[in-house]
Amino acid sequence: RTAQWDDPTRGYFMNGFVGLQIALTSHWPLDAMVLMLGTNDVKDRFCATPEAVTGGIAGLIDLVQGAEMSARHPGLKVLLICPPPCYPAGLLAGEFRLAAAKARALAPLYADLAAARGLGFLDAGTVMEVSPVDGVHFTPEGHAALAEAVSGAFSAL
C-alpha cells in the first residue's frame with residue numbers, strides 16, 4: 001500500500017487511505033494502532049519527495065485523529081513506524097531505482113510528525129534491514145527484530 005496514491009498498475013485499493021478508512025469504520029473501538037507505510041510511496045512511478053511521502057502519512061493521521069474516528073476510538077494510541085530504508089535490488093530494482101535516498105530521509109521527518117501529533121514513534125531502520133534479495137521485504141530475522149521493537153515501543157506509549 002501507499003499512504004496516499006492509487007497505484008496505476010495495481011489499483012485504487014493499494015491506497016492506504018482507503019484501507020485505513022475501511023478498517024477504522026468497521027473495527028471499533030480500537031485501543032491501539034500501528035501505522036507503517038512509506039516504502040511503496042518512494043517507488044519511482046510516484047515521483048514523491050520525502051516531504052510528500054510524509055504529507056501522505058500526515059493525511060492518514062488526520063483521518064485517525066479527526067472528530068469521527070476520535071469518537072469511535074476514544075483514547076486510541078498510535079505508534080508510527082518509519083519503514084527501514086529500501087534500495088534497488090533483485091526483481092524490484094526497476095521500481096525502486098531512485099528510492100534509496102528518499103527512504104533514508106524519511107525517519108527524521110516521521111519522528112517530527114509523530115512528536116507534533118502526540119504519537120509513539122519507532123524507526124524500524126534502527127532495529128532491522130530489508131532483505132538483499134529484493135531490497136524491500138523483510139527477512140524472518142528482520143520480522144522478529146521488528147516485533148520485539150514494536151512490543152517495547154507499545155509498552156512506552
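Looking at this structure, is Ala99 on the phi < 0 side of the Ramachandran plot and open to solvent by 10 Å² or more (accessible area, probe 1.4 Å)? Here the answer is no, as Ala99 does not meet what is asked. Tell me, yes or no, whether region 19-34 has at least one residue that is open to solvent by 80 Å² or more (accessible area, probe 1.4 Å), of a type in the set (Val, Ile, Thr) and either at pLDDT 95 or above or outside any loop (DSSP other than H, G, I, E, B) (or both). Within region 19-34, one or more residues are open to solvent by 80 Å² or more (accessible area, probe 1.4 Å), of a type in the set (Val, Ile, Thr) and either at pLDDT 95 or above or outside any loop (DSSP other than H, G, I, E, B) (or both).
Given the condition in a helix (DSSP H, G or I), β-branched (Val, Ile, Thr), on the phi < 0 side of the Ramachandran plot and out of contact with any Cys (no Cβ under 9 Å at 6 or more places or on another chain), answer yes or no: does some residue in region 10-18 qualify? Scanning region 10-18 turns up at least one residue that is in a helix (DSSP H, G or I), β-branched (Val, Ile, Thr), on the phi < 0 side of the Ramachandran plot and out of contact with any Cys (no Cβ under 9 Å at 6 or more places or on another chain). Residues in region 106-123 that are under 14 Å from Gly38 (Cα atoms) and surrounded by fewer than 17 Cβ atoms within 10 Å (Cβ to Cβ): Pro108, Ala111. Regarding region 80-90, can at least one residue be identified that is of a type outside the set (Asp, Glu), in contact with a strand residue (DSSP E or B) (Cβ under 8 Å, 6 or more places away or on another chain) and within 21 Å of Thr25 (Cα to Cα)? So far as region 80-90 goes, yes, one or more of its residues are of a type outside the set (Asp, Glu), in contact with a strand residue (DSSP E or B) (Cβ under 8 Å, 6 or more places away or on another chain) and within 21 Å of Thr25 (Cα to Cα). Pairing residues of region 76-87 that are open to solvent by 10 Å² or more (accessible area, probe 1.4 Å) with residues that are at pLDDT 95 or above and among the aromatic types (Phe, Trp, Tyr), at Cβ distances under 7 Å and at least 6 apart in sequence or on separate chains, gives Tyr87/Phe96.
Residues are listed down the side, and each one gets a yes or a no for (1) out of contact with any strand residue (DSSP E or B) (no Cβ under 8 Å at 6 or more places or on another chain); (2) modelled with pLDDT under 95; (3) open to solvent by less than 20 Å² (accessible area, probe 1.4 Å):
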position	(1), (2), (3)
Gly125	no, no, no
Glu129	yes, no, no
His137	no, no, no
Ala145	yes, no, no
Phe154	no, yes, no
Leu157	no, yes, no
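Screening Ser70 on (1) at pLDDT 95 or above; (2) farther than 20 Å from Leu146 by Cα; (3) open to solvent by less than 40 Å² (accessible area, probe 1.4 Å) shows it passes everything except condition (3).
The values are calculated or read from the model by the stated rules, or taken from the named source; none is laboratory data. Quick caveat, the model's predicted, so the values are computed rather than measured. Counting neighbours? That spans all protein chains shown, and the Cβs are built from the backbone with ideal geometry, glycine included. The accessibility values were calculated without ligands, DNA or RNA, using every heavy atom of the protein model including side chains. Shrake-Rupley method; radii C 1.70, N 1.55, O 1.52, S 1.80 Å.
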